[in-house]
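The values are calculated or read from the model by the stated rules, or taken from the named source; none is laboratory data. Just so you know, these numbers come straight off a predicted model, no measurement behind them. In this analysis, Cβ positions are derived from the backbone assuming ideal geometry, glycine residues included, and neighbour counts consider all displayed protein chains.
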Amino acid sequence: MPRIRRTPEAARAHIIEAAKRLLIEEGPRALKLQRVGKAAGMSHASVIHYFGSIEGLASAVLMDNHRTRRETLRSDLMTAESRVERAQGIDHALQSLSDREQGRLTLSLLSLGLDPFPPAEELGLASIAELLNAVTDTPLDEAKQVVLANVLVMVGEAMVGEHMRARLGLGDSEEDRTAFRRWMLERLR
């Protein structure tokens, strides 16, 4: 197989994506240097070169995943020009938070002993609450509680929603999950 030349940034991104896939599909036991290298079409030495260790790679996966989702939400909220567009942006964020693959990835990262969110010093969730406060006139303390409640509920939905729905006798189709997100969205108004 011919070698693919990538910029360092592109190589890092490619390795992170390969590691995410392994974590989502096979769980934390799959996160081995050789496995990630093979999945990325590179040597395990390349993984070490870019991340230093498997722990460094796991941290990079975590940061990439959550920063990307946070920036998408910020963008959705900042570009919304109407209440309907804002609701669509929030629904998009709730859908992302409740995604089953994201739930598996978060569980895998937790099982590796990693905090599932970017560093607390970044105040990423606080910035989302501040933005919600600014675009909806929701008092800041209430906006923080709304963000907390929704993140907890949607991450729970991603991780164990299927099992909880079965125990409640609720359906688990995409339509059922969408209806639940819409129900949660109504609580934001």
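When only residues in the range 116-134 that are over 17 Å from Met78 (Cβ atoms) and in contact (Cβ under 8 Å) with a residue 12 or more places away in the chain count, which is surrounded by the most Cβ atoms within 10 Å (Cβ to Cβ)?
Step by step, filter the range 116-134, then rank; the result is Phe117.
Could you tell me how many of the residues in the range 75-95 are buried (at least 17 other Cβ atoms within 10 Å of the Cβ) and charged (D, E, K, R)?
The qualifying residues number 3.
Consider Ala166 carefully, then state whether it is exposed (fewer than 13 other Cβ atoms within 10 Å of the Cβ), part of a helix (DSSP H, G or I) and either at pLDDT 85 or above or among the hydroxyl-bearing types (Ser, Thr, Tyr) (or both). Show your work before the answer.
Working: exposed (fewer than 13 other Cβ atoms within 10 Å of the Cβ): yes; part of a helix (DSSP H, G or I): yes; either at pLDDT 85 or above or among the hydroxyl-bearing types (Ser, Thr, Tyr) (or both): yes.
Here the answer is yes, as Ala166 does meet what is asked.
Residue pairs, Cβ under 6 Å, 6 or more apart or interchain, first in the range 135-162 and closer than 22 Å to Leu23 by Cα, second modelled with pLDDT of 90 or more and outside any helix (DSSP H, G or I). List them.
Glu162/Asp172
Check Asp99 against each of (1) at pLDDT 85 or above; (2) over 20 Å from Val147 (Cβ atoms) and name the one condition it does not meet.
Condition not satisfied by Asp99: (2).
Has the range 50-68 got at least one residue that is farther than 15 Å from Leu109 by Cα, free of Cβ contacts under 8 Å to residues at least 40 places away in the same chain, β-branched (Val, Ile, Thr) and not in a loop (DSSP other than H, G, I, E, B)?
Yes, because at least one residue in the range 50-68 is farther than 15 Å from Leu109 by Cα, free of Cβ contacts under 8 Å to residues at least 40 places away in the same chain, β-branched (Val, Ile, Thr) and not in a loop (DSSP other than H, G, I, E, B).
Any idea which residue in the range 174-189 is modelled with the lowest pLDDT, counting only those that are in a helix (DSSP H, G or I) and among the basic types (Lys, Arg)?
Keep residues of the range 174-189 that are in a helix (DSSP H, G or I), which gives 174-188.
Subset that is among the basic types (Lys, Arg): 177, 181-182, 187.
Numbers: Arg177: 90, Arg181: 86, Arg182: 86, Arg187: 74.
Ranking the candidates gives Arg187 first.
How many residues, within the range 139-163, are surrounded by fewer than 18 Cβ atoms within 10 Å (Cβ to Cβ) and either of a type in the set (Asp, Glu) or over 13 Å from Leu94 (Cβ atoms) (or both)?
9
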